Ligand code: IPE
Ligand code: IPE
Ligand code: MG
């Protein structure tokens, strides 16, 4: 049974799914074992997000800094979004989920992965339920840089550029800003995630390692969010 959603539900929740490697290490296993377990945690959380009626869920799948990891681990992580959409496509579609992707499409991302993603995005484009955004080869600084480049390429003059112009040139401009950002694994940092969009987000940091993250943890974070007083610089 879905848990009751808290009174003040965020429209958009973003998650830094961290701790897969440590989770695997604790069991004497290879880091990729942790990523596989993390994939299962992701499916559970997407299900919960649908049940709870969230408008949007963004998950940090691979950062622009994660290329510095060992080749074997990078190869594994590169395969994950394709796997997620391939394995869960029918169900996501049935549940009216719209899949979108935020990140740089550079030459390092295998073409087959981009094809899988593009197919999922196209097939679910008209769905009206949860927007499930996979941040993949994503970096907040890269995103802002790409937005500035796109604005310059259009030849806009300085007077024509305001904050809305920047927002309109981000990877997924139609997404509302995240209201709540959750990070697992006990690390209390941002790691180049949604730098522009999370300007006024509420943050919840939990010690749980991502593969252990369950619906209850999401509900607890939503409860915590509902207790926060958002002020946006006012009184
Ligand atoms: C998060 O877990 C998954 C990705 C970065 C893709 P980590 O792989 O960062 O796990 P830890 O932080 O090393 O435990
Ligand atoms: C952030 O986690 C990136 C993702 C979850 C994809 P990292 O594990 O890469 O972040 P740092 O290195 O601890 O800051
Ligand atoms: Mg980590």
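The figures follow:
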read-out: Tally of residues being in contact with a strand residue (DSSP E or B) (Cβ under 9 Å, 6 or more places away or on another chain) and in a loop (DSSP other than H, G, I, E, B) across the stretch 159-199; value: 22
read-out: Test: residue in the stretch 125-142 that is surrounded by fewer than 20 Cβ atoms within 10 Å (Cβ to Cβ) and closer than 21 Å to residue 16 by Cα; value: yes
read-out: Selection status of residue 59, away from ligand 3 (no atom under 16 Å from the Cβ) and modelled with pLDDT of 95 or more; value: no
read-out: Answer residue from the stretch 200-222, given it is part of a loop (DSSP other than H, G, I, E, B) and within 16 Å of the chain's Cα centre (by Cα) and is farthest from ligand 1 (Cβ to nearest atom) among those; value: 201
read-out: Test result for residue 80, buried (at least 17 other Cβ atoms within 10 Å of the Cβ) and over 18 Å from residue 138 (Cα atoms); value: no
read-out: Filtered residues of the stretch 52-69 (kept if away from ligand 1 (no atom under 16 Å from the Cβ) and either within 15 Å of residue 80 (Cα to Cα) or in contact with a helix residue (DSSP H, G or I) (Cβ under 8 Å, 6 or more places away or on another chain) (or both)); value: 52, 57
read-out: Meets criteria (buried (at least 19 other Cβ atoms within 10 Å of the Cβ), under 19 Å from the mean Cα position of the chain (by Cα), more than 16 Å from ligand 2 (Cβ to nearest atom) and not in a strand (DSSP E or B)) for residue 120; value: yes
read-out: Criterion (over 18 Å from the mean Cα position of the chain (by Cα), assigned to a helix (DSSP H, G or I) and more than 16 Å from ligand 1 (Cβ to nearest atom)) met by exactly one of 152, 156; value: 152
read-out: Close pairs (7 angstrom Cβ cut-off, 6 or more residues apart or separate chains): under 22 Å from residue 142 (Cα atoms) in the stretch 46-70, modelled with pLDDT under 95 and in a helix (DSSP H, G or I) anywhere; value: 61/80; 61/81
read-out: Every pair of residues 6+ apart whose Cβ atoms lie under 6 Å, when the first sits in the stretch 15-38 and is at positive phi and touching a residue at least 40 places away in the same chain (Cβ under 8 Å) while the second is assigned to a helix (DSSP H, G or I) and surrounded by 22 or more Cβ atoms within 10 Å (Cβ to Cβ); value: 19/210
read-out: Check on residue 72, within 16 Å of the chain's Cα centre (by Cα), within 14 Å of ligand 1 (Cβ to nearest atom), exposed (fewer than 13 other Cβ atoms within 10 Å of the Cβ) and modelled with pLDDT of 95 or more; value: no
read-out: In the stretch 71-102, residue nearest to ligand 2 (Cβ to nearest atom) [restricted to those that are touching a residue at least 60 places away in the same chain (Cβ under 8 Å) and within 17 Å of residue 43 (Cα to Cα)]; value: 101
read-out: Enumeration of residues in the stretch 62-78 that are within 30 Å of residue 176 (Cβ to Cβ) and away from ligand 3 (no atom under 12 Å from the Cβ); value: 64, 67, 78
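The values are calculated or read from the model by the stated rules, or taken from the named source; none is laboratory data. Predicted model, so just to flag it, every value in this text is computed and none were measured. Ideal geometry is used to build each Cβ from the backbone, glycine not excepted, and the neighbour counts take in all protein chains shown.
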